[in-house]
Amino acid sequence: MPTLFISDLHLTEARPEVTDALCRLLRETAPGSRALYILGDLFDAYIGDDDDAALLTRVAAALRTLSRHGVPIYFVHGNRDFLLGNAFAERAGLRLLDIHTRLNLYGVPTLLLHGDTLCTDDTAYQQWRAQCRQSAWQNDFLAQPLPVRRQFALTARAESARHTQALEPTITDVNPVAVQSTFVGTEVQRMIHGHTHRPAIHPPQPVAGSLRQRIVLGDWDRHGSVLRVAADGLVLDQLPFAVS
Ligand SMILES: [Mn+2]
């Protein structure tokens, strides 16, 4: 049975076709898999488990149905949905993982991560990341009323888009030294991440005396992107959106 990996769906009420594609994956393909891993940025914005948006209800129900069918679903936080907490995880049947999670995947020591920690050249982003991952910042934010948090998320999203557009493409991609030191520090042969929206199955490269491979999941902007890993290999599939 294959194991599935997805990330960077950036689900939002404004793009129901993306949520439809996820629900189809959960209903039709995922039930035949060993596990589903969501490596962050499932949602385009996430303002707290108490958000009463219909999108969260729909996605939680679809995920929960799959987990009730016996397929475990694991979640690694992204930079958009780092506030997803235990209450939503319980509602959706998700198991939350550490930001860097080691896994023996069909015999290959593998690291799972969102990927933003590898983008060390984007110093402005790393400063923001250091701030918003502190529990004091998160508690202050979650104490604000929902409309205030919603407005903050809108502003942050617009600023993030401006920031990314203004940077050289190499700045928003992974830093090669950060990749190498993460490989060496975690002693894995393979890493699977998203975040950069640069889907690829990179050829294995020698790092510190052994071959290591980096696999980058695609974002769900024009179509879905699903990595299937099985004992006999792996493939990065595109998932078309239904025409409405
Ligand atoms: Mn991201």
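The values are calculated or read from the model by the stated rules, or taken from the named source; none is laboratory data. Predicted, not measured: the structure shown is a model, and the values here were computed from it. Because the Cβ atoms are built from the backbone with ideal geometry, glycine has one as well, and the counts that use them run over all protein chains shown.
If only residues of the stretch 100-130 that are away from the ligand (no atom under 16 Å from the Cβ), touching a residue at least 60 places away in the same chain (Cβ under 8 Å) and β-branched (Val, Ile, Thr) are counted, the one that is farthest from residue 219 (Cα to Cα) is 108. Could you say whether any residue in the stretch 127-134 is more than 23 Å from residue 12 (Cβ to Cβ) and surrounded by 15 or more Cβ atoms within 10 Å (Cβ to Cβ)? No, that holds for no residue. Scanning the stretch 87-103 for residues that are out of contact with any strand residue (DSSP E or B) (no Cβ under 7 Å at 6 or more places or on another chain) and surrounded by fewer than 20 Cβ atoms within 10 Å (Cβ to Cβ) returns 87, 90, 91, 98, 99.
With respect to (1) in contact (Cβ under 8 Å) with a residue 60 or more places away in the chain; (2) buried (at least 20 other Cβ atoms within 10 Å of the Cβ); (3) not in a loop (DSSP other than H, G, I, E, B); (4) not small (Gly, Ala, Ser), the lone exception for residue 80 is condition (3). Kindly provide the set of residues from the stretch 203-220 that are more than 15 Å from the ligand (Cβ to nearest atom), in contact with a helix residue (DSSP H, G or I) (Cβ under 9 Å, 6 or more places away or on another chain) and either under 23 Å from residue 97 (Cβ atoms) or assigned to a helix (DSSP H, G or I) (or both), ordered by number. Across the stretch 203-220, the qualifying residues are 212, 214.
Of the residues making up the stretch 21-29, not a single one is surrounded by fewer than 16 Cβ atoms within 10 Å (Cβ to Cβ) and within 21 Å of residue 83 (Cα to Cα).
Exactly one residue out of 84, 26, 97 is within 16 Å of the ligand (Cβ to nearest atom) and under 27 Å from residue 232 (Cα atoms), and it is 97. Within the stretch 226-239, residues that are without any contact (Cβ under 8 Å) to a residue 12 or more places away in the chain and under 18 Å from residue 202 (Cβ atoms) sit with their Cβ atoms under 8 Å from residues that are hydrophobic (A, V, I, L, M, F, W, C) and surrounded by 13 or more Cβ atoms within 10 Å (Cβ to Cβ), at 6+ positions apart or across chains, in these pairs: 235/227. Within the stretch 10-58, the set of residues being of a type outside the set (D, E, K, R), assigned to a loop (DSSP other than H, G, I, E, B) and touching a residue at least 24 places away in the same chain (Cβ under 8 Å) comprises 10, 12, 33, 39, 40, 42, 45, 46, 47, 48, 53.
Just one of the numbered conditions (1) more than 16 Å from the ligand (Cβ to nearest atom); (2) over 13 Å from the mean Cα position of the chain (by Cα) is not true of residue 12: (1).
Scanning the stretch 63-79 for residues that are more than 16 Å from the ligand (Cβ to nearest atom) and within 15 Å of residue 37 (Cα to Cα) gives 63, 64, 66, 67, 70, 71, 72, 73, 74. For a quick check of your reading of the model, give me the residue pairs whose first member lies in the stretch 155-178 and is among the hydrophobic types (A, V, I, L, M, F, W, C), whose second is modelled with pLDDT of 90 or more and assigned to a helix (DSSP H, G or I), with beta-carbon atoms closer than 7 Å and at least 6 apart or on different chains. That search, which allows pairs on different chains as well, returns 174/118; 178/118. Counting only helices (runs of 4 or more DSSP H) that sit wholly inside the stretch 144-202, not one has at least 1 residues that are touching a strand residue (DSSP E or B) at 6+ places or on another chain (Cβ under 6 Å) and surrounded by fewer than 13 Cβ atoms within 10 Å (Cβ to Cβ).
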